[in-house]
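Data first, discussion second: the structure below is written as structure tokens.
The values are calculated or read from the model by the stated rules, or taken from the named source; none is laboratory data. Worth saying up front: this structure is predicted, and the values here are computed from it rather than measured. Heads up, the Cβs are rebuilt from the backbone with ideal geometry, glycines too, and the neighbour counts pull from every protein chain shown. Protein only, heavy atoms only, side chains kept; ligands, DNA and RNA dropped before computing areas. Shrake-Rupley method; radii C 1.70, N 1.55, O 1.52, S 1.80 Å.
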Amino acid sequence: MCMKRGKGRVFRTSRCFLTRNKSAWFHIITGLVLLASLYMASAVCAFEIPTGKKNLSVHWDNTIKYSTAYRLEDQSDTLISDINQDDGDRNFDKGFISNRVDLLSELDIVLKQGLLDKTGLRITGAAWYDTVYNTENNNDSAATANHLSRSHDEFTDDTQDLHGRDCELLDAFLFTSQGVGDGSRVQVRVGRFAQYWGETLFYGANGIAGGMAPVDVVKALSVPGSQFKEIIRPTGQASLDYTVNANLSFGAYYQFEWEESRLPGVGSYYSSQDLFVEGGEQFFLAPGFGLARGDDFEASDQGQFGVRMNFHVPSVTTTFGLYVIRYHDKAPSAYLLPGDGEYCLAFHENIWAYGISASKTFGAINLATEVSFRDNAPLANPGVVILSGETADNDDNAKYPVGQTFHANLSAIWSMPRTPLFQEATLNAEIAYNNVVHIDDNPEALSPNSERDALGFRLLLTPTYRQVFISNLDVNVPIGLGYTMGRSGAVGAAFGNDKGGDCSIGLNFTYQQVWKAGILYTHYFGSAGTALTSAGDLSFAQSLADRDTISFNFQRTF
């Protein structure tokens with residue numbers, strides 16, 4: 001049996017408090033109501049709160065955002081063929097898949113102690129409500145729904161909270177920045193905040209950054225082309241950065257809180273498996289017979305830390321970085337315990353990563369590279385069966401494959417010259433590679449469908465047009481493409497599906513820097529297939545092949 005540790009699962013049986021009206025008019029009307037709330041919220045103005053002291057400033061900013069998204073395709077028979085991988089697809093017919101309002105509130109208190117020295121506090125929080133996740137869904141297959149706590153056409157409480165209605169504390173930290181000598185400076189932060197090191201743009205999970213912070217996978221899937229810095233989430237930690245001079249700096253951190261990455265809730269639109277962290281309640285062994293969710297092996301809040309050194313070499317005008325970190329995995333492996341009638345998730349502990357980076361600017365182009373090596377890293381696997389009498393954990397007695405992996409990233413940021421199509425544009429691009437160097441433990445549990453290495457690339461071209469139609473209105477047109485080839489066991493299916501990816505095009509409007517609106521079309525391509533094959537192995541296929549979307553958002557900062 002599993003030596004279990006972590007939070008237990010309590011299933012609630014309360015019913016949804018709204019009855020779903022499946023017509024488009026329902027979502028349009030509620031969307032208009034939410035838009036009206038944006039106008040009414042103007043009473044909650046962001047402003048600088050007067051303190052009566054020149055060296056003390058208090059800023060409170062609030063951003064209210066309305067967004068909606070529409071599914072453009074019907075469900076694929078291929079992608080709803082497996083009873084453990086169909087809920088996220090079956091729950092949404094062609095039509096609206098999100099109708100949401102968000103509030104982001106930011107409070108900054110800063111005490112200036114001279115020209116550059118300062119001490120302060122930053123607190124941010126978010127709240128959201130989505131009408132789609134607070135009503136019944138479109139699932140008409142009671143026999144294949146993995147719920148235990150709700151009807152087949154309702155979202156579980158955990159999924160409903162994650163996607164439909166909740167609030168959370170994000171940043172909450174104290175900071176100080178103090179000069180300590182000629183050109184030297186010390187910066188300290190303590191509390192909840194997000195940070196990452198290295199030179200990755202999009203493929204942060206393939207670099208040193210992948211071990212430093214949990215990520216919002218939901219955002220990464222719903223907004224392809226998001227840079228890694230936009231999807232990392234805060235966690236409890238303390239950091240120290242010491243700048244010796246313009247050419248040399250050191251840094252260190254210690255995390256006193258572990259948090260898993262935010263994966264799509266089971267049954268949510270972008271979920272492709274019905275057993276993971278939020279909302280997972282049952283894994284079917286056969287129709288009508290399944291394993292209930294047990295206590296997970298959550299990682300310890302202790303034992304995550306890192307040190308770095310960055311130095312600039314003027315003779316070659318290049319900045320280098322050296323990194324060592326120790327971390328716990330933010331994504332799970334699965335244990336199936338048929339003898340106990342349950343399954344659980346395990347987050348591997350005590351992974352070491354060592355990296356080096358370099359960054360150099362050539363005119364309007366910045367090129368950066370990073371290579372890293374991981375030891376004691378979990379490898380790609382479809383889940384491991386634990387027989388009666390066996391023990392397993394998420395550390396020394398792990399039963400999933402563990403080994404050594406190599407990772408490399410090459411990125412470019414190019415401020416492009418004028419062309420007949422645009423006066424200004426930015427091109428961000430990155431190539432990422434990883435490789436399984438050695439399998440140290442449990443080689444038999446490695447996905448048979450995996451390979452030793454894989455290569456992926458992503459680019460985002462963003463032309464910008466200033467003063468369009470009216471004064472103070474800027475428009476940009478983000479055009480994104482991502483593609484992966486190979487089935488590496490180093491990062492597994494999280495790196496991308498083999499010979500597939502996504503492309504997107506959008507229009508973003510900014511007026512007076514406080515009003516913003518955007519529309520985005522996303523297409524997923526590649527051979528369609530569920531995340532796991534019928535034999536229970538990783539498929540590396542495109543599990544979102546039928547989930548092309550068009551989304552719209554409108555926001556105002558006060």
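Quick look at the values:
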quantity: Entries of LYS65/LYS219; LYS53/LYS516; LYS219/LYS360; LYS118/LYS219; LYS219/LYS330; LYS118/LYS516 with Cα pairs more than 25 Å apart; calculated: LYS53/LYS516; LYS219/LYS360; LYS118/LYS219; LYS118/LYS516
quantity: Solvent exposure, largest accessible area first (probe 1.4 Å, DNA, RNA and ligands not counted), of CYS503, CYS167, CYS344; calculated: CYS167, CYS503, CYS344
quantity: Accessible surface of region 460-532, 1.4 Å probe, proportion on carbon and sulfur as whole %; calculated: 64 percent
quantity: Whole-number accessible area per residue in Å² for region 123-235, which is evaluated in the context of all protein chains at 1.4 Å; calculated: 33 Å²
quantity: Centre separation in Å (Cα based) which lies between region 132-175 and region 345-388; calculated: 30 Å
quantity: Protein accessible area in region 326-417, 1.4 Å probe - carbon and sulfur %; calculated: 59 percent
quantity: Residues LEU116 and ARG452, FRET efficiency given R0 of 51 Å [Cβ-Cβ distance, rounded to 0.05]; calculated: 0.55
quantity: Solvent-accessible surface (1.4 angstrom probe) belonging to TYR70, in square angstrom, nearest 10; calculated: 80 Å²
quantity: Sequence ranges 322-335, 359-372, ranked by mean other-Cβ count within 10 angstrom, highest first; calculated: 322-335, 359-372
quantity: Solvent exposure ordering (accessible area, 1.4 Å, most first) of ARG374, ARG185, ARG466; calculated: ARG466, ARG185, ARG374
quantity: Accessible surface of region 154-221 [probe 1.4 Å, protein heavy atoms]: carbon and sulfur percent; calculated: 56 percent
quantity: Rg to Rh, two decimals, where region 386-428 supplies the alpha carbon set and Rh follows Kirkwood; calculated: 1.56
quantity: Length added when fully stretched, ALA246-PHE320, from 0.36 nm per residue minus Cα-Cα; calculated: 25.3 nm
quantity: Using a Förster distance of 51 Å, the FRET efficiency for ASN55-SER81 (Cβ separation, nearest 0.05); calculated: 0.20
quantity: Solvent-accessible heavy-atom area per residue, rounded to whole Å², over region 401-485 at 1.4 Å; calculated: 52 Å²
quantity: Rounded FRET efficiency, nearest 0.05, which uses the C-beta distance separating MET416 from VAL313 and R0 of 22 Å; calculated: 0.20
